[in-house]
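Notes for the one structure printed next.
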Amino acid sequence: QVQLVESGGALVQPGGSLRLSCAASGSIFNTYAMAWYRQAPGKQRDLVAAIAFDGRTDYADSLQGRFIISRDTAKSTVYLQMNSLKPEDTAVYYCNAITDGGTYWGQGTQVTVSS
């Protein structure tokens, strides 16, 4: 079992920045990749960014380079730095881990971009 706990969600003004954190615990030894997804009201859950076990990263094309995913292996934590935030970035952001034991999700953290 893997437990994922997200934090860092908040209300932020357009153009602002925010950093989300996802702390992983449990059986995380064979984690293939971790990722951030987001789900806006009435919409499907979409991939935002992912980081593989070897450090390779992947991003949704729509982000236009505004978000950066990173990790601190020693802390078993993955981060999502979000810059130049727009109202359309408003969503619940979920952490995801793919391991040899299965796929796991966090409970989500709310990000609201509004003036």
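The values are calculated or read from the model by the stated rules, or taken from the named source; none is laboratory data. All of these numbers come straight from a predicted model, not from anything done at the bench. With ideal geometry, Cβ positions are generated from the backbone for all residues, glycine too; neighbour counts draw on all protein chains shown. The area values use the complete protein model at the heavy-atom level, side chains included, leaving out ligands, DNA and RNA. Shrake-Rupley method; radii C 1.70, N 1.55, O 1.52, S 1.80 Å.
For the set ARG38, ARG66, ARG56, the ranking by accessible area, highest first and with no ligand, DNA or RNA atoms included, is ARG56, ARG38, ARG66 under a 1.4 Å probe. With a cut-off of 15 Å between beta carbons, the residues surrounding PHE53 carry a summed charge of -2, where Lys and Arg count +1 and Asp and Glu -1. On the basis of the beta-carbon distance and an R0 of 25 Å, ASP46 and ALA74 show a calculated FRET efficiency of 0.25. Treating r as the C-beta distance of SER114 and PHE29 and R0 as 30 Å, the FRET efficiency rounds to 0.15.
Rounded to the nearest 20 debye, the dipole size of the chain about its Cα centre is 180 debye, using +1 on the Cβ of Lys and Arg and -1 on the Cβ of Asp and Glu. Enter the Cα centre distance for the pair segment 85-115 and segment 33-51, rounded to the nearest angstrom. Cα centroid of segment 85-115 versus Cα centroid of segment 33-51: 6 Å apart. Taking every DSSP bridge with both residues inside the chain, close to 95 percent are antiparallel.
Taking a point 7 Å from the Cα of SER7 along the Cα-to-Cβ direction, the residues of segment 22-52 with backbone N closer than 20 Å to it are 22-28, 35-37. A protection proxy built from the mean count of other Cβ atoms within 10 Å ranks the segments 75-88, 41-54, most packed first, as 75-88, 41-54. Working note: Karplus 6.51/-1.76/1.60 with θ = phi - 60° gives segment 13-26 the couplings 7, x, x, x, 10, 8, 10, 9, 10, 9, 9, 9, 8, x Hz, where Gly and Pro are set to x.
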